[in-house]
Amino acid sequence: MDRSGVSVIQTQGNGSTGLQQVPQVVPSGARGGGKATPPSKAKRSAADKESEEYRQRRERNNLAVKKSRMRSKQKALDTQQRVNELKEENERLEAKIRLLSKELSVLKDLFLEHAHNMADSVQPLSAEGPGPRSQSGNHNGGGSSQ
């Protein structure tokens, strides 16, 4: 394709071979294979880039970008600090669980020892004397089966 927007193609037909010019529709702002540039994004002239308004817009944009990056970094630092705090709290809680588990084990052992001692100290009932269950008039062990 030449600069005038005309392509030359080779044709074959009816036994003759020849060249034919075919007009091509090309967007005015196209720069080789990409989308056409919208007017708002059109290439600025050197005069536009040196205008006071352009410099002020660029300065405001640069400040906004810098501020956004600082906020992003601060958010990452805050998140990391929170992660560290939660890890420390988790370690404290796990240590407390270990301590309470040991305490529970000791208390269980004391309870079982006490229950065993209480069972050993109880005197077996004799068949001759009335026991606590015979007060109801039933002398066959209170009617409970164990």
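None of the figures in this text is laboratory data; all of them are computed from the coordinates on show. For clarity, every value in this text was computed on a predicted model and none was experimentally measured. A quick note on method: Cβ atoms are made from the backbone with ideal geometry, for glycine too, and the neighbour counts reach across all protein chains shown.
Convert each backbone phi in the stretch 96-111 into a coupling constant with the Karplus relation 6.51 cos²θ - 1.76 cosθ + 1.60 (shift: θ = phi - 60°), then list the ³J(HN,Hα) values in order as whole Hz, x for Gly and Pro.
Once rounded to whole Hz, the list reads 5, 4, 4, 5, 5, 5, 5, 4, 4, 4, 5, 5, 4, 4, 5, 4.
Once phi is turned into θ = phi - 60°, what whole-Hz ³J(HN,Hα) does the Karplus curve with 6.51, -1.76 and 1.60 give for every residue of the stretch 70-83, x standing for Gly and Pro?
5, 4, 5, 5, 5, 4, 5, 5, 4, 5, 5, 5, 5, 4
Tell me which of Ala95, Leu77, Ser51 sits at the most positive position along the dipole axis of the stretch 48-119, charges placed on C-beta atoms (Lys, Arg +1; Asp, Glu -1).
Result: Ser51.
Can you check what the net charge comes to around Asn84, using other residues whose Cβ is under 12 Å from the Cβ of Asn84 (Lys, Arg +1; Asp, Glu -1)?
Values: positive: Arg82, Lys87; negative: Asp78, Glu85, Glu88, Glu89, Glu91.
Around Asn84, the charge tally is -3.
Quick one: net charge of His114's neighbours, Cβ under 12 Å, K/R +1, D/E -1? The partial results should precede the final answer.
Details: positive: Lys108; negative: Asp109, Glu113, Asp120.
Result for the local shell: -2.
Given labels modelled 7 Å from the Cα in the Cβ direction, how far is it in nm from Val106 to Arg60?
A separation of 7.0 nm, rounded to one decimal place.
Per 0.36 nm of contour for each residue apart, how much would the distance between Gln74 and Leu86 grow if the chain were fully extended, relative to their Cα-Cα spacing?
On the way: separation 12, 0.36 × 12 = 4.32 nm, distance 1.83 nm.
Stretched fully, the Gln74-Leu86 segment lengthens by 2.5 nm.
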